Amino acid sequence: MQPLIPPASTVPDIVSPRLILRHLTPDMLRASMQARLAEAARWLGAPLPISWLEEAAVMSLRLDQMENEPDYAPWSMRAMLLRETGQLVGHINFHTCPGHPYLKGRGDVELGYTVLPAFRRQGYATEALTACADWAVHTAGVKRFVLSISPDNLPSQQLAARLGFRWLERVEDPEDGPEDVLVADWPFVQDHA
């Protein structure tokens with residue numbers, strides 16, 4: 001299947017060996033949140049599964065940030081698309097621009113990601129995290145990264161450990177419950193054992 005051609009974006013794609021990490025524009029997010037998948041797919045330049053609608057809460061949060069913090073757009077939500085087919089395999093984002101006060105000096109920026117169930121355990125999260133971190137290092141001089149992961153999310157905990165993330169503390173998120181805060185310096189460890 002040939003990928004759709006998206007409208008020109010002011011935020012360039014981040015490209016890794018298997019993935020294109022494409023910025024989700026406010027128009028694309030609005031169309032998605034209103035369940036206009038065909039329109040959202042045109043904005044993205046890739047087909048979207050119906051399960052994409054389940055990501056409305058994070059879309060709403062990131063859209064609000066882009067509308068209220070113009071500098072946040074390049075750090076916002078990105079689709080993880082397979083380079084060969086354009087198929088959506090997940091999404092990734094920085095929670096804020098670097099140095100936000102909520103980080104309390106733990107790191108320069110926090111990353112969050114979701115890989116769709118059919119594509120888990122294939123290395124896409126590792127590849128996307130590494131590509132986004134590399135982009136942040138070269139774009140803004142970011143040196144330390146933060147992940148917040150549920151203690152029960154063993155696959156993500158294991159991925160973080162393989163990349164060299166270290167446990168810092170456990171916090172209580174008002175929406176998600178307990179989360180382990182983990183930090184890692186760049187470059188990430190590439191321990192695939």
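Checking the condition part of a loop (DSSP other than H, G, I, E, B), at pLDDT 95 or above, out of contact with any Ser or Thr (no Cβ under 9 Å at 6 or more places or on another chain) and of a type in the set (S, T, N, Q), which residue from GLN158, GLN122 passes? After applying the criteria, what remains is GLN122.
Is one or more of the residues making up region 163-181 of a type in the set (Asp, Glu), over 26 Å from GLU84 (Cα atoms), modelled with pLDDT of 95 or more and assigned to a loop (DSSP other than H, G, I, E, B)? No, there is no match, as no residue in region 163-181 is of a type in the set (Asp, Glu), over 26 Å from GLU84 (Cα atoms), modelled with pLDDT of 95 or more and assigned to a loop (DSSP other than H, G, I, E, B). The set of residues in region 71-125 being closer than 23 Å to LEU154 by Cα, in contact with a strand residue (DSSP E or B) (Cβ under 9 Å, 6 or more places away or on another chain) and open to solvent by 20 Å² or more (accessible area, probe 1.4 Å) consists of HIS95, ARG106, TYR113, THR114, LEU116, ALA118, PHE119, ARG120, ARG121, GLN122, TYR124.
Summed over region 156-193, residues that are touching a Pro at 6+ places or on another chain (Cβ under 8 Å) and in contact (Cβ under 8 Å) with a residue 12 or more places away in the chain total 6.
If you go through region 137-155 and keep only what is assigned to a helix (DSSP H, G or I), over 15 Å from TYR113 (Cα atoms) and without any contact (Cβ under 8 Å) to a residue 60 or more places away in the chain, you end up with VAL137, HIS138, ALA140. Note on region 170-185: residues that are open to solvent by less than 60 Å² (accessible area, probe 1.4 Å) and either within 11 Å of PHE145 (Cβ to Cβ) or among the charged types (D, E, K, R) (or both) amount to 6.
Among the candidates GLY86, GLY99, single out the residue that is free of Cβ contacts under 8 Å to residues at least 24 places away in the same chain and of a type outside the set (D, E, K, R). None of the other options fit; the residue is GLY99. Here MET33 clears all of (1) farther than 22 Å from THR130 by Cα; (2) in contact with a Cys (Cβ under 9 Å, 6 or more places away or on another chain) except the condition numbered (2).
The residue of region 20-59 that is most open to solvent (accessible area, probe 1.4 Å), among those that are free of Cβ contacts under 8 Å to residues at least 24 places away in the same chain and in a loop (DSSP other than H, G, I, E, B), is GLN34.
The values are calculated or read from the model by the stated rules, or taken from the named source; none is laboratory data. Everything numeric in this text was worked out from a predicted model, so none of it was measured. With ideal geometry, Cβ positions are generated from the backbone for all residues, glycine too; neighbour counts draw on all protein chains shown. The accessibility values were calculated without ligands, DNA or RNA, using every heavy atom of the protein model including side chains. Shrake-Rupley method; radii C 1.70, N 1.55, O 1.52, S 1.80 Å.
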